[in-house]
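Input: a single structure, listed below in structure tokens.
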Amino acid sequence: MLGKGLLQGLAVTAKNLVGSYHDPARYVTQEYPEVQPKLPEAYRNFPFLVSETADDPMGTLRCVACQICEKECPPQCIYIEKSKDKKPDATGKAQIYPAVFAIDTAVCMSCQICVEVCPFDAIKMDQEFAIAATDRFGGLLLNREQLAKPNAYYHQIHPTEAAEVDERLAAERRAAEEKARLAAAAKAAAPKPAVPAAAAAAAPGAARPAPAGSTAPAASAPVDSVPPPAPRPPSP
Amino acid sequence: MMLPDPAATGLARVRKIEGAALGLRTPAFAPEEGAGDLLEVSLGPHHPSTHGVFRMDVVLDGERIVRLKPVFGYLHRNHEKLGEGTSYLGSMPYTDRLDYLNSMTNNWAYALAVEKLAGIPVTERAEYVRVILAELSRLLNHTCLAGFLMQDCGCSGTPLMYAFREREKILDLFESLSGSRMMCNFQRFGGCRVDPSAEWLAATRTLVDGYGAFLDEFEALLSGNEIVMARTQGVGRLPAALAVNAGVTGPMLRASGVGHDLRKVDGYGVYPRFNFRVPIGRDGDVYDRYMVRMLEMRESISILDQALRGLPGGPILDPKAKQRGLRPKAGEAYGRIEGPKGEIGFFLGSDGTGNPTRYRVRAPSFVNLTILEDLCLGHSVADTVIILGSIDIVLGEVDR
């Protein structure tokens with residue numbers, strides 16, 4: 001019968017119209033910005049740099065300016081300049097730090113490849129999406145002061161992932177301490193202590209950042225220069 | 001061209017309600033000769049019906065199309081050349097931006113090409129997760145397309161809003177898994193980036209179980225609607241021979257009655273383990289293209305159901321599979337899959353360095369678009385809009 005399909009269709013729209021008042025499957029509109037969206041934990045938007053503490057973000061950046069993310073970034077939006085000097089990081093080990101670390105968010109496409117390739121868990125994805133700037137050049141080019149956010153914030157936005165990272169870093173630190181302790185014991189027990197141990201400590205590769213996928217920086221530290229690690233910020 | 005035996009692939013014919021049987025007139029085709037002066041009109045690039053920045057240079061005789069020249073390239077962003085200068089891993093997020101509705105299938109096709117090139121095995125669990133995500137993509141794409149097509153027909157809003165409401169549910173799944181609704185960047189060489197949690201799989205199960213009901217409702221709204229039938233039946237007929245010769249793939253080809261589906265032909269991934277049929281059309285008109293997609297979604301639901309039930313445990317990504325600094329041996333590889341729009345393939349050539357020497361995308365939208373003039377000749381301007389809509393193009397992929 002001609003017209004049957006139209007009537008059937010009208011019944012569907014009527015069902016949806018009525019349903020939109022009581023059925024949550026049909027009433028799906030969120031009144032943004034009055035109602036803020038509930039973001040899934042995996043949500044990602046633009047990277048940030050993780051610092052250990054909130055009160056001294058520049059002194060406790062996990063980044064050691066190894067420049068892997070800069071090389072791997074597909075749209076080349078990261079710019080890093082290595083520091084000339086070394087600063088003690090959160091574990092107290094002297095490390096190179098990024099004198100300049102800038103991300104051009106006008107170029108960044110939030111692909112999170114920098115996060116995947118970082119061997120130091122220093123760069124993570126943020127969840128801030130309501131962002132705007134009045135200046136399209138300087139306003140979108142974020143420097144390290146703007147990028148640094150404390151580990152507590154990381155725990156807040158990606159709790160599961162952050163807990164895993166903390167656990168892994170703690171395990172690596174424990175392994176490094178154990179190694180240092182054993183090395184110290186071996187040094188004490190060795191018949192000729194002074195010269196070979198010092199040479200071994202200054203062996204090539206000792207002060208360089210670890211290659212990708214291997215151990216954390218602390219693991220490759222010179223064995224006789226590891227001070228007791230700084231207490232970690234409490235996890236929320 | 002070798003076609004699979006219909007009996008072996010389990011083809012399903014489109015059930016079609018004939019508008020003519022209900023007394024609907026089918027549009028007349030032949031333009032009256034020498035009726036008047038010709039008029040050249042530029043449809044697009046900023047025209048709401050062109051699904052992006054696409055221009056059709058049409059020559060009109062009255063309301064009829066006499067000549068049509070597709071003009072594209074407005075969204076060209078050097079994708080293939082960028083791929084030659086980027087590492088293998090670095091190209092992965094760029095593939096999201098080809099057909100931006102289906103980043104999951106784009107990722108898969110690219111990952112498949114690299115896996116072939118470098119000989120990386122894929123874990124069992126990842127193969128299943130890839131199938132789940134690809135079929136969710138197909139649901140998403142076809143739902144959207146039906147909505148867009150109806151919008152092009154002139155049903156302002158309602159079907160499109162229903163389609164987008166459902167699409168959003170799938171995008172929420174993608175977002176909670178990959179971190180991004182559309183730019184998923186999810187597949188990796190040898191597996192997937194994230195292992196789906198039990199909650200995610202439960203949410204997917206809920207969506208898959210409820211999707212059939214939505215399709216029933218959607219079809220009740222559209223498939224038997226007399227206005228839709230009058231507008232789409234007999235419009236933009238694509239003969240099977242022309243479709244095959246032009247290299248048309250995907251639902252577009254199957255609507256013309258050619259049962260060619262890479263999931264059956266290539267049997268890539270773990271598709272041979274699933275039991276599903278390939279719907280084909282009869283007339284190759286706009287209505288058949290719509291209907292084939294509707295039926296494909298039903299099959300996708302069945303595949304999803306089987307994949308979710310059969311999902312094995314184990315690692316999602318082989319920890320030994322190298323992502324960064326991949327240097328495949330010199331050689332060439334072509335990886336193709338049945339994307340929602342057709343055959344999406346990546347051709348990669350390697351000379352042993354960290355970047356491909358050749359990076360080529362076989363984009364289904366682009367190839368399917370080449371027959372636009374053949375479909376549109378003799379039709380009215382309003383029909384051209386729905387013919388273009390039924391081809392299902394995304395300009396990100398056409399222009400690259």
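The values are calculated or read from the model by the stated rules, or taken from the named source; none is laboratory data. Model, not experiment: these values are computed from the prediction. Backbone-built Cβ (ideal geometry, glycine too); neighbour counts: all protein chains shown.
Quick notes on this structure:
- Hits in segment A:47-66 - residues which are in a loop (DSSP other than H, G, I, E, B) and hydroxyl-bearing (Ser, Thr, Tyr): A:Thr53, A:Thr60
- Some residue of segment B:98-113 being within 14 Å of another protein chain (Cβ to nearest Cβ), hydroxyl-bearing (Ser, Thr, Tyr), part of a helix (DSSP H, G or I) and within 19 Å of the chain's Cα centre (by Cα): yes
- Test: residue in segment A:124-136 that is surrounded by 12 or more Cβ atoms within 10 Å (Cβ to Cβ) and part of a strand (DSSP E or B): yes
- Residue in segment A:88-97 that is out of contact with any Pro (no Cβ under 9 Å at 6 or more places or on another chain) and more than 17 Å from A:Glu52 (Cα to Cα) present: no
- Hey, B:Arg167 closer than 20 Å to B:Ser300 by Cβ, touching a Ser or Thr at 6+ places or on another chain (Cβ under 8 Å) and free of Cβ contacts under 8 Å to residues at least 40 places away in the same chain or not: yes
- From B:Ala333, B:Ala321, residue being surrounded by fewer than 20 Cβ atoms within 10 Å (Cβ to Cβ) and modelled with pLDDT under 90: B:Ala321
- Test: residue in segment A:67-79 that is in a strand (DSSP E or B) and within 14 Å of chain B (Cβ to nearest Cβ): yes
- The residues on offer are B:Gly345, B:Gly396, B:Gly354, and the sole one that is surrounded by fewer than 17 Cβ atoms within 10 Å (Cβ to Cβ) and either assigned to a loop (DSSP other than H, G, I, E, B) or touching a residue at least 24 places away in the same chain (Cβ under 8 Å) (or both) is B:Gly354.
- Of all positions in segment B:119-126, at least one carries a residue that is surrounded by fewer than 22 Cβ atoms within 10 Å (Cβ to Cβ) and in a helix (DSSP H, G or I).
- Any hit, segment A:19-39, residues being modelled with pLDDT under 90, farther than 30 Å from B:Ala213 by Cα, of a type in the set (Gly, Ala, Ser) and out of contact with any His (no Cβ under 6 Å at 6 or more places or on another chain): no
- Residues that are charged (D, E, K, R) and either within 14 Å of chain B (Cβ to nearest Cβ) or free of Cβ contacts under 8 Å to residues at least 24 places away in the same chain (or both), drawn from segment A:100-127: A:Glu116, A:Lys124, A:Asp126
- On the stretch given as segment A:1-40, residues that are in a loop (DSSP other than H, G, I, E, B) and of a type in the set (A, V, I, L, M, F, W, C) total 6.
- Scanning segment A:140-170 for residues that are more than 11 Å from the chain's Cα centre (by Cα), modelled with pLDDT of 85 or more and among the small types (Gly, Ala, Ser) returns A:Ala152, A:Ala163.
- Residue that is farthest from the chain's Cα centre (by Cα) [pool: residues in segment B:128-165 that are at the interface with another protein chain (Cβ under 10 Å from one of its Cβ atoms), surrounded by fewer than 23 Cβ atoms within 10 Å (Cβ to Cβ) and in a helix (DSSP H, G or I)]: B:Thr158
- Once segment B:181-216 is narrowed to residues that are over 26 Å from B:Ile120 (Cα atoms) and part of a loop (DSSP other than H, G, I, E, B), the residue that is nearest to the other protein chains (Cβ to nearest Cβ) is B:Arg181.
- Consider segment B:68-96 and keep the residues that are assigned to a loop (DSSP other than H, G, I, E, B) and aromatic (Phe, Trp, Tyr). The one that is nearest to the other protein chains (Cβ to nearest Cβ) is B:Tyr88.
- Flag if B:Val58 is over 20 Å from the mean Cα position of the chain (by Cα), surrounded by fewer than 18 Cβ atoms within 10 Å (Cβ to Cβ) and in a strand (DSSP E or B): no
- Residue in segment B:35-53 that is more than 14 Å from chain A (Cβ to nearest Cβ), more than 21 Å from B:Tyr359 (Cβ to Cβ) and crowded, with 24+ Cβ neighbours inside 10 Å present: no
- Test result for A:Val12, in contact with a helix residue (DSSP H, G or I) (Cβ under 6 Å, 6 or more places away or on another chain), under 24 Å from B:Phe214 (Cβ atoms) and either of a type in the set (A, V, I, L, M, F, W, C) or surrounded by 13 or more Cβ atoms within 10 Å (Cβ to Cβ) (or both): yes
- The set of residues from segment B:295-318 being surrounded by fewer than 21 Cβ atoms within 10 Å (Cβ to Cβ) and within 20 Å of B:Leu149 (Cα to Cα) comprises just one member, B:Arg298.
- So A:Arg44, is it assigned to a loop (DSSP other than H, G, I, E, B), surrounded by 15 or more Cβ atoms within 10 Å (Cβ to Cβ), over 28 Å from the mean Cα position of the chain (by Cα) and within 8 Å of chain B (Cβ to nearest Cβ): no
- Test for B:Arg263: is it surrounded by fewer than 20 Cβ atoms within 10 Å (Cβ to Cβ), more than 24 Å from B:Tyr162 (Cα to Cα) and touching a strand residue (DSSP E or B) at 6+ places or on another chain (Cβ under 7 Å): no
- Only one of the numbered conditions (1) more than 8 Å from chain A (Cβ to nearest Cβ); (2) at pLDDT below 90; (3) assigned to a helix (DSSP H, G or I) is not met by B:Ile227, and that is (1).
- A:Thr29 vs. criteria within 12 Å of chain B (Cβ to nearest Cβ), exposed (fewer than 12 other Cβ atoms within 10 Å of the Cβ) and either out of contact with any helix residue (DSSP H, G or I) (no Cβ under 6 Å at 6 or more places or on another chain) or without any contact (Cβ under 8 Å) to a residue 40 or more places away in the chain (or both): yes
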